[in-house]
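K.L.:
Take a look at the following structure, please.
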Amino acid sequence: MLRISRSGWYSLAFIALGALVADQVSKYAVERSITVDSHHVIIPGLVDLVRTSNPGVAFGLGADSTAPWMAPLLILFSLAVICLLIWLLATNRAGGRLGQCGLALILGGAAGNVLDRVLRRSVTDFIDFYIGSHHWYTFNLADSAIVIGATLVVLELFRDWHHPSQKRA
C-alpha cells in the first residue's frame with residue numbers, strides 16, 4: 001500500500017481546500033451578482049449561469065419537502081461522509097495517488113455543499129449545462145469536484161483491475 005508522505009498530505013489538503021475555496025468563492029460571486037432565477041448566457045446553446053437554491057439532495061430530490069428534519073439529516077449525512085473520507089485518507093485506505101486525489105476532491109466538494117447547508121439550509125447552484133432543449137440539473141463547483149473525484153477513483157479502479165488469471169508485475 002502506498003504510504004502518504006508529509007508533502008503528499010499537504011498536496012491532498014491543498015486539493016481538498018482548493019475545491020472548497022473555489023466552490024465558496026464562486027457561490028459568493030454568483031449570490032452577489034446574479035438575482036434568483038435569472039440567467040446569463042456563457043456559451044450559447046451549452047452553458048448559462050443561473051442562481052438557484054436547492055434545499056434537497058442531488059438532482060433536486062427532496063427539494064419540495066417541508067419536513068423540518070430534512071436539512072439536519074442532510075447535514076449529518078454529509079458530515080458522516082466527510083469523516084469517512086478523512087478516515088480513508090488518514091489510514092492510507094484511499095488507494096493509489098489517483099484515488100487519493102479523487103477522494104480529496106470529493107472531500108472538498110462535500111465540505112463546500114455541507115457548509116452551504118449549515119449557513120443557508122440549502123445549496124446554491126448556478127451552472128446550467130444544456131444541449132438544445134435537453135438540460136442537465138443545475139450544479140455548482142462542489143458538485144463538479146465530487147464528480148471529477150469520483151471519476152478519478154473509478155479510473156484508478158479500472159487501471160488497477162486485473163483479470164484473475166493475469167499476473168501482476
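K.L.:
Name the pairs: first residue in segment 34-46 and more than 15 Å from residue 125 (Cβ to Cβ), second residue surrounded by 10 or more Cβ atoms within 10 Å (Cβ to Cβ) and modelled with pLDDT of 90 or more, Cβ to Cβ under 6 Å, at least 6 apart or on different chains?
P.N.:
Close Cβ pairs satisfying both conditions: 41/48.
K.L.:
Kindly provide the set of residues from segment 82-95 that are of a type in the set (Val, Ile, Thr) and over 17 Å from residue 17 (Cβ atoms), ordered by number. Let's see the steps before the verdict.
P.N.:
Going through segment 82-95, the residues of a type in the set (Val, Ile, Thr) turn out to be 82, 86, 91.
Matches in segment 82-95: 91 only.
K.L.:
Being buried (at least 17 other Cβ atoms within 10 Å of the Cβ), over 12 Å from the mean Cα position of the chain (by Cα) and aliphatic (A, V, I, L, M) is the filter here, so list the residues in segment 120-162 that pass it.
P.N.:
127, 152, 153
K.L.:
Going through 108, 99, 112 one at a time, which residue ends up being touching a strand residue (DSSP E or B) at 6+ places or on another chain (Cβ under 9 Å), crowded, with 22+ Cβ neighbours inside 10 Å and part of a helix (DSSP H, G or I)? Full working, then the answer.
P.N.:
Details: 108 fails: touching a strand residue (DSSP E or B) at 6+ places or on another chain (Cβ under 9 Å); 99 fails: touching a strand residue (DSSP E or B) at 6+ places or on another chain (Cβ under 9 Å).
None of the others qualify; the one that does is 112.
K.L.:
For segment 116-141: of the residues being hydrophobic (A, V, I, L, M, F, W, C) and outside any strand (DSSP E or B), which is nearest to residue 75 (Cα to Cα)? Can you show your working first?
P.N.:
We begin by selecting, within segment 116-141, every residue hydrophobic (A, V, I, L, M, F, W, C); these are 118-119, 123, 126-127, 129, 131, 136, 139, 141.
Imposing the further condition that a residue be outside any strand (DSSP E or B) reduces the set to 118-119, 136, 141.
Numbers: 118: 7, 119: 11, 136: 25, 141: 18 Å.
Within segment 116-141, the match that is nearest to residue 75 (Cα to Cα) is 118.
K.L.:
Being in contact with a strand residue (DSSP E or B) (Cβ under 8 Å, 6 or more places away or on another chain), assigned to a helix (DSSP H, G or I) and either modelled with pLDDT of 85 or more or surrounded by fewer than 15 Cβ atoms within 10 Å (Cβ to Cβ) (or both): is that true of residue 30 here?
P.N.:
Working: in contact with a strand residue (DSSP E or B) (Cβ under 8 Å, 6 or more places away or on another chain): yes; assigned to a helix (DSSP H, G or I): yes; either modelled with pLDDT of 85 or more or surrounded by fewer than 15 Cβ atoms within 10 Å (Cβ to Cβ) (or both): yes.
For residue 30, the condition - in contact with a strand residue (DSSP E or B) (Cβ under 8 Å, 6 or more places away or on another chain), assigned to a helix (DSSP H, G or I) and either modelled with pLDDT of 85 or more or surrounded by fewer than 15 Cβ atoms within 10 Å (Cβ to Cβ) (or both) - is met.
Per-residue answers, yes or no, for (1) at pLDDT below 75; (2) surrounded by 17 or more Cβ atoms within 10 Å (Cβ to Cβ); (3) among the polar types (S, T, N, Q); (4) on the phi > 0 side of the Ramachandran plot:
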residue	(1), (2), (3), (4)
5	yes, no, yes, no
15	no, yes, no, no
47	no, no, no, no
64	yes, no, no, no
68	yes, no, no, no
71	yes, yes, no, no
76	no, no, no, no
79	no, no, no, no
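The values are calculated or read from the model by the stated rules, or taken from the named source; none is laboratory data. Remember, predicted model here, so these are calculated numbers, not experimental data. A quick note on method: Cβ atoms are made from the backbone with ideal geometry, for glycine too, and the neighbour counts reach across all protein chains shown.
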